[in-house]
Amino acid sequence: MPSKDPIRLEVSKPPARGVRVLVADDNADTRLTLSALLEHEGYEVRALEDGGRVSGSVKSFQPHACILDIEMPGASGYAIARELSDIPVAERPLLIAISGVWISPSERLLAIMVGFDHFFQKPADPQELLNVLGDFQHGKRAREFTRRVHIAGGR
């Protein structure tokens, strides 16, 4: 019989009050799940379903991090990351790619090369995502490729 205990995430960092995260994904389940998880952890979240609206939202919302699906209507995550990566690293949001389709090794490498700081394969491990955001909140950015690519079900 399945356990009825709620899922508990280990949060080793203080709540993320005042940290803004933009989530852009045309898949409603992913967008709503990520938004609920992040809001529960204290992040201020703005969610979009169209990649064409991301650049304007980055200017108005000024997120500390963006979680972007690779394939969306309006603009792909690749195009958005390329545009945002022109902003100096110290001033731009942390860019996190998320995809369930574009997951081959060459596509993961492409995501990093166009400017994403991290790549997550769907379904993303919620604890791993929170760890990446928590590290960023504390001034830590992963540099090694192996620490920047997060594959569903392990490496």
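Each reported figure results from applying straightforward, stated rules to the coordinates on display, with no laboratory input. None of the values given here were measured: they were computed from a predicted structure. Glycine gets a Cβ as well: all are built from the backbone with ideal geometry, and neighbour counts include every protein chain shown.
The table below lists the values:
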read-out	value
Computed [θ] at 222 nm, helices only, for the chain once each DSSP H run of length n ≥ 4 contributes -39500 (n - 2.57)	-10000 deg cm²/dmol
Where GluC sites (Glu not before Pro) fall in DSSP loop in the stretch 67-142, at most 10 other Cβ within 10 Å	E91
DSSP bridge orientation in the chain - percent antiparallel, rounded to nearest 5	0 percent
Gyration tensor (alpha-carbon) shape descriptor, the chain, a/c threshold 1.5	rounded
Long-range amide H partners of V149 with built H, under 5 Å	F119
Most fluctuating residue given options I98, I67, I87, as computed from a GNM of the chain linking Cα atoms under 10 Å	I87
